[in-house]
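Below is one structure, written out as structure tokens; the observations come after it.
The values are calculated or read from the model by the stated rules, or taken from the named source; none is laboratory data. These numbers come from a predicted model, not from an experiment. Backbone-built Cβ (ideal geometry, glycine too); neighbour counts: all protein chains shown.
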Amino acid sequence: MKKQALFIIFLIIIGLQLTGQKTKDVLYLKNGSIIYGKLIEADSVQYKFQTSDGSIFIYGLPEVDKFTKEAPWFDGRKSGGFILSLETGLLIGPQNATYPAPFSFDILAGYTFNTRTSLSLGSGVVYIGRPFTPMLLEFRQVFYDNKVSPFILIRGGVIVPIGSDSYGENDDYSYYGSEYNLPKNYKAGGSFSVGTGISWAYEDYELNLSFAYRYAHFSYQKKEYSLGDVDYKENLNRLELKIGFRF
């Protein structure tokens, strides 16, 4: 439970830091030009200024009307085109659960049809006692065109086990090779999420913090004493907490 709380605090701190207003240095020249970039040096004679492309210019004091720091101009959310999202977080469950806080990481590629509606396909990895790869379809609707806006998301798909079959992490059999300590044969299952979040739009990317309910299930087969092969099914009902970037 402590690890879960620390991770939640970490996500919130990162979100707050990234959403803080970043400022740019701005030179207003007397000829009407406005120069954006970074002030390198200033004295009683001149301003030494570096623009966004790395070029360095020197402006004499008589040329400069004023120097200020300003927040970047927000000219609206992406109106259309392809998008790429990277997300990571935890599937938080009760403390006594078999898998209390599985880690997940997703990569999604999709298309924004307007400033607020998008469809994406994605994959990644989620660790539920062993690694699974999800295959997901996501619908996302942002409420407003503002710089900061809430959104809703709906995801559906499957989770598929990857890697070789594993031995049960809770098995107490000490004799390797015993018929009671054979690998669990995992099988794919379904996954569904619905949730909400907050999106902060910047010049070149979006920061997202999301909270969702996620249901997932998978099954495995395990050899039991005197019973032979027995099928088991695992159901997960979790709070999905994630931080992500969209480009």
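Checking Ser149 against (1) surrounded by 16 or more Cβ atoms within 10 Å (Cβ to Cβ); (2) in contact with a Gly (Cβ under 9 Å, 6 or more places away or on another chain); (3) at pLDDT below 95, which single condition isn't satisfied? Status for Ser149: all satisfied but (2).
Would you call Pro94 modelled with pLDDT under 90, surrounded by fewer than 18 Cβ atoms within 10 Å (Cβ to Cβ) and more than 13 Å from Arg246 (Cβ to Cβ)? Yes. The condition of being over 17 Å from the mean Cα position of the chain (by Cα) and over 24 Å from Pro161 (Cβ atoms) holds for only one of Glu203, Glu234, that being Glu203. Here Ile107, Ile83, Ile152 are screened, and the one residue that is in a strand (DSSP E or B), within 15 Å of the chain's Cα centre (by Cα) and free of Cβ contacts under 8 Å to residues at least 24 places away in the same chain is Ile107.
Being of a type outside the set (Ser, Thr, Tyr) and touching a helix residue (DSSP H, G or I) at 6+ places or on another chain (Cβ under 9 Å) is a property that Val148 has.
Take the conditions (1) without any contact (Cβ under 8 Å) to a residue 24 or more places away in the chain; (2) exposed (fewer than 14 other Cβ atoms within 10 Å of the Cβ); (3) touching an Asp or Glu at 6+ places or on another chain (Cβ under 6 Å); Ile56 misses just one of them, which is (3).
Just so you know, in segment 110-121 the residues that are surrounded by 15 or more Cβ atoms within 10 Å (Cβ to Cβ) and under 15 Å from the mean Cα position of the chain (by Cα) include one that is farthest from Ile154 (Cα to Cα), and it is Gly110. When we screen Gly168, Gly163, Gly177, Gly124 for residues that are surrounded by 14 or more Cβ atoms within 10 Å (Cβ to Cβ), in the same structural domain as Leu241 (by TED's automatic domain parsing), more than 30 Å from Tyr202 (Cβ to Cβ) and at pLDDT below 95, the only hit is Gly168.
The residue that is modelled with the lowest pLDDT, among those in segment 195-232 that are farther than 28 Å from Leu108 by Cα and in contact with a strand residue (DSSP E or B) (Cβ under 9 Å, 6 or more places away or on another chain), is Glu224.
Only a single criterion out of (1) at pLDDT 85 or above; (2) surrounded by 13 or more Cβ atoms within 10 Å (Cβ to Cβ) is not satisfied by Ala101, namely (1).
Yes or no, residue by residue, for (1) surrounded by fewer than 17 Cβ atoms within 10 Å (Cβ to Cβ); (2) in contact (Cβ under 8 Å) with a residue 12 or more places away in the chain; (3) not in a strand (DSSP E or B):
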| residue | (1), (2), (3) |
| --- | --- |
| Gly197 | no, yes, no |
| Glu203 | yes, yes, yes |
| Asn208 | no, yes, no |
| Phe211 | yes, yes, no |
| Arg214 | no, yes, no |
| Ser219 | yes, yes, no |
| Lys222 | no, yes, no |
| Leu236 | no, yes, no |
| Lys242 | no, yes, no |
